[in-house]
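Right, I'll just put the structure down here and ask away after.
The values are calculated or read from the model by the stated rules, or taken from the named source; none is laboratory data. From a predicted model like this one, the values you see are computed outputs, not experimental measurements. Please note: Cβ atoms are built from the backbone with ideal geometry, for glycine as well, and neighbour counts cover all protein chains shown. Just so you know, the surface numbers come from the protein's heavy atoms only, side chains and all, with ligands and any DNA or RNA stripped out. Shrake-Rupley method; radii C 1.70, N 1.55, O 1.52, S 1.80 Å.
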Amino acid sequence: MYLISAYFDKNTTEKLQEYICKIAEASGNSFMLDNNVPPHMTLTAIEARNVDVLVPTFENLNNKLHGGDISIISVGQFMPKVIYAAPYLNQYLFNLQQDICEAFAHIPETTISKYYRPLSWLPHITLGKTLTIDQMNEAVKAMCDFKNIEAQIVRIGLAKVNPHEDVCNIKLI
């Protein structure tokens, strides 16, 4: 499995990292820190035998996609194991995700996850994962002071998972 993810401006990244650290401390679950998972929002997930079939298409996106603004407005849960921050799905974010999915849709012997296709995607930024029920309760308490974040998406990346490893990055214009 490979991910195409959005990454944020410096201030947003620092704020999200603070939340990741706060959840790790409150819950005792340091999965995100232990695995060096940076604050990111997965735009699509692709099943492929080898990352090499994805790299040319990813590199072809260079200078074709634009950075943009999003509002991260809420905290949510994928019960019982994941706590996340969620942006409002504005037109910019919708188009970015759709353009990326369209670029990768026709590569032979690859499959885009049914959870990361246009109109079946829930944009989210994971702040804690592999949480137990008790850890989730502590994570929710820790996030009670969450404030909206006005963010900019400034680059996208192609990454391997388990463990997270960047393959390529593109700075958005």
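What ratio of Cα Rg to 2.2 N^0.38 Å holds for region 1-131?
Against the compact-globule rule of thumb, the ratio is 1.09.
Just tell me, in residue order, which DSSP H segments of the chain are both 15 angstrom or longer along the helix axis (alpha-carbon based) and at least 0.5 in mean Kyte-Doolittle hydropathy.
For the chain, where a helix must reach 15 Å along its axis and average at least 0.5, there are no hits.
Also, quick follow-up: Can you give the FRET efficiency for Q17 and V167, using 1/(1 + (r/R0)^6), R0 = 30 Å, r = Cβ-Cβ distance, to the nearest 0.05?
So the FRET efficiency works out to roughly 0.90.
For the chain, build the charge dipole from Cβ charges (+1 Lys, Arg; -1 Asp, Glu) around the Cα centre, then report which of G76, P108, Y2 sits farthest towards its positive end.
Checked the options; the winner is G76.
Hey, how many Å between the Cα centroid of region 44-87 and the Cα centroid of region 88-152?
7
Taking the inverse of the average 1/r across all pairs of different Cα atoms in region 129-173, what Kirkwood radius in Å do you get?
Result for region 129-173, one decimal place: 13.8 Å.
Just the number, please: carbon plus sulfur as a percent of the accessible area of region 2-171, 1.4 Å probe, no ligands or DNA/RNA counted.
That fraction is 50 percent.
Treating only the Cβ atoms of Lys and Arg (+1) and Asp and Glu (-1) as charged, compute the dipole magnitude of region 64-151 about its Cα centre; round to the nearest 20 debye.
Dipole of region 64-151, to the nearest 20 debye: 160 debye.
Report the residue, chosen from D145, D99, D69, that carries the largest GNM mean-square fluctuation when the chain is represented by alpha-carbon nodes joined by springs under 10 Å.
Comparing D145, D99, D69 in the GNM, the peak value goes to D145.
For the chain, set up a GNM with springs between Cα atoms under 10 Å and report which of F58, F78, F104 has the largest fluctuation.
Evaluated over the chain, the most mobile residue of the options is F78.
Let me know the charge dipole size of region 2-171 about its Cα centre in debye, to the nearest 20, where only the beta-carbon of Lys, Arg (+1) and Asp, Glu (-1) is charged.
That gives a dipole near 180 debye.
Counting only heavy atoms of protein chains, what accessible area per residue, in Å², does the chain have with a probe of 1.4 Å?
Dividing the accessible area of the chain by its residue count gives 52 Å².
If you only keep lysine pairs separated by 8 or more in sequence, or across chains, how many in the chain come under 13 Å at the Cα atoms?
So the count works out to 4.
On to the next question. Return the FRET efficiency for the residue pair L119, E25: r is the Cβ-Cβ distance, R0 is 45 Å, and the value is rounded to the nearest 0.05.
0.75
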